[in-house]
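Notes to accompany the following structure.
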Amino acid sequence: MHFKNFDIATFLQGSWQKKPLHIKNPWAAWANPLVPDELAGLACEEGVESRLVTQSDATWQLEHGPLAEERFDSLGRSNWTLLVQAVDQQVPAVSALIEPFRFIPNWRIDDVMVSFAADQGGVGPHFDQYDVFLIQGAGKRRWQVGGHCDENSALLPHDDLRLLANFEAEETFICEPGDILYIPPGVSHDGIAMGDDCMTYSIGFRAPSRSELIGDWCDDLLADMQEQEDDRYGDPDLAIQENPGEISINAVDRLHAMITEKMGDRDNFARWFGQYNSTPKYPQIDWQPEEPIEMEELREQLQQGVPLSRNPASRFSFIRKDQQLLLFIDGQCIECAGDAMSIAETLCAQTPVTIDEALIHSDGVMDLILALYNRGCLAFEPED
Ligand code: SIN
Ligand code: CO
């Protein structure tokens, strides 16, 4: 699915990570994929990440879900917002909203957060660390957008909410159903519902910080090095030095190389990163089918042309390596060659997918699909 009147190359060159952009309804036919009651239902579920932000006068309050059903009865008619994270993992029609944004690589996409706001509701002026596309689902919202912020920007004193103390709007956009507002990381914004039934879908991205990359990769390296007590500094060529207090240039070079040799291993890093980045957002959720499918039944379904869909909770990505491809799904690395390599590329590029008859006869392809199906990363399209 592609947007109308939206040029991807122009967007990437002029706006992505640079400046906000208001895109007037670019959908072929916009239809709000979720009703507020369904969203409220999700916010009451255990294991679904949700928040309720309420405001009275200048006081902001944050409550974390799961919420009790009765909580909704005590909310007034205005000034509150319900936010539910990763709704794409729960509702296929919400997951489908991501498809036109696939010009951004899979590994950069995080989730779809959905908010419902009563009249005047909002989460306050703030900035996010990540890019976001804010799709107006229903109702209207006034977005005020300000300048760039960073860790030095003054915040209001609050234990749970990071609201800007001195927000100054530079631009105002009114979003109507189907409109999209792109906000780059660090750009301050404040969205206020204009009237009831304001629903906003945030396509959120991820960008690892240098500190988490170093920290998490080192944890992984260390876990592998635990038994390597003998891998240690040595100086069989020790030379007489003038001052015993000096740590010689030679020693520092050698010590430093002990680290950089390990950390400079690009292949090892690439494999680690693919696995790390594909780790599920909620690893406690088990998506395996209740009954594993048998090869025969799988082949039969595929031969009948039943399409396979990716589990929206599974992150699919790959890295090319020599004549092979490393396929990363749910924290696992699967080495694929030949036909399995081509099906792995197809699965990463599109969902749902109908498997070609010729590939159904390839053992490599079928073994891969069977394994992914039984792990819960692939499933036959749910019938609507
Ligand atoms: C919202 O949907 O109300 C908040 C989204 C955001 O500002 O990031
Ligand atoms: Co935001």
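The values are calculated or read from the model by the stated rules, or taken from the named source; none is laboratory data. Small disclaimer: the values here were computed from a predicted structure and weren't measured. All Cβ positions, glycine included, derive from the backbone under ideal geometry; neighbour counts span all protein chains shown. Accessible surface areas use protein heavy atoms only, side chains included; no ligands, DNA or RNA. Shrake-Rupley method; radii C 1.70, N 1.55, O 1.52, S 1.80 Å.
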>> Within segment 142-226, considering only strands (runs of 3 or more DSSP E) that don't extend past its boundaries, which have at least 3 residues that are under 12 Å from Phe127 (Cα atoms) and within 12 Å of ligand 1 (Cβ to nearest atom)?
In response: 187-205
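Which one of these is under 30 Å from Val94 (Cα atoms), touching a Leu at 6+ places or on another chain (Cβ under 9 Å) and not aromatic (Phe, Trp, Tyr): Gly204, Gly305, Gly274? I'd like the intermediate steps shown before the answer.
Numbers: Gly204 fails: touching a Leu at 6+ places or on another chain (Cβ under 9 Å); Gly305 fails: touching a Leu at 6+ places or on another chain (Cβ under 9 Å).
Within the list Gly204, Gly305, Gly274, the selection yields Gly274.
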> Only one of these conditions is not met by Gly124: (1) away from ligand 2 (no atom under 16 Å from the Cβ); (2) closer than 25 Å to Ala207 by Cβ; (3) among the small types (Gly, Ala, Ser). Which number is it?
Replying inline: (1)
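Search segment 71-126 for residues being aliphatic (A, V, I, L, M) and in a helix (DSSP H, G or I), and hand back the single one that is surrounded by the fewest Cβ atoms within 10 Å (Cβ to Cβ). I'd like the intermediate steps shown before the answer.
Start the filter on segment 71-126 by keeping residues that are aliphatic (A, V, I, L, M), which leaves 75, 82-84, 86-87, 91, 93-94, 96-98, 104, 109, 112-114, 117-118, 123.
Remaining after also requiring in a helix (DSSP H, G or I): 87, 93-94, 96-98.
Details: Val87: 28, Ala93: 13, Val94: 24, Ala96: 15, Leu97: 22, Ile98: 19.
In this case the residue turns out to be Ala93.
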> From Pro244, Pro184, which residue is of a type outside the set (Val, Ile, Thr), modelled with pLDDT of 95 or more and open to solvent by less than 80 Å² (accessible area, probe 1.4 Å)?
Replying inline: Pro184
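Pick out the one residue from Gln284, Gln275, Gln324 that is open to solvent by 40 Å² or more (accessible area, probe 1.4 Å) and in the same structural domain as Leu372 (by TED's automatic domain parsing).
Values: Gln284 fails: in the same structural domain as Leu372 (by TED's automatic domain parsing); Gln275 fails: in the same structural domain as Leu372 (by TED's automatic domain parsing).
Just a single option satisfies the conditions, and that option is Gln324.
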>> Give me the residue from segment 289-305 that is among the aliphatic types (A, V, I, L, M) and surrounded by 15 or more Cβ atoms within 10 Å (Cβ to Cβ) and, out of that set, farthest from Gly376 (Cα to Cα).
In response: Leu302
>> I need the full set of residues from segment 1-34 which are surrounded by 14 or more Cβ atoms within 10 Å (Cβ to Cβ) and of a type in the set (A, V, I, L, M, F, W, C), in order please.
In response: Phe3, Phe6, Ile8, Phe11, Trp16, Leu21, Ile23, Trp27, Trp30, Leu34
> Which residues, counting only those in segment 195-219, are touching a residue at least 24 places away in the same chain (Cβ under 8 Å) and either within 16 Å of ligand 2 (Cβ to nearest atom) or open to solvent by 60 Å² or more (accessible area, probe 1.4 Å) (or both)?
Replying inline: Asp196, Asp197, Cys198, Met199, Thr200, Tyr201, Ser202, Ile203, Gly204, Phe205, Arg206, Ala207
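For Ser314, are the conditions met, namely being among the hydroxyl-bearing types (Ser, Thr, Tyr), open to solvent by less than 40 Å² (accessible area, probe 1.4 Å) and within 26 Å of the chain's Cα centre (by Cα)?
Numbers: among the hydroxyl-bearing types (Ser, Thr, Tyr): yes; open to solvent by less than 40 Å² (accessible area, probe 1.4 Å): yes; within 26 Å of the chain's Cα centre (by Cα): yes.
Yes; evaluated as a whole, the condition is true for this residue.
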> Can you name every residue in segment 327-352 that is in contact with a Pro (Cβ under 9 Å, 6 or more places away or on another chain) and either assigned by TED's automatic domain parsing to the domain that holds Phe103 or among the charged types (D, E, K, R) (or both)?
Replying inline: Asp330
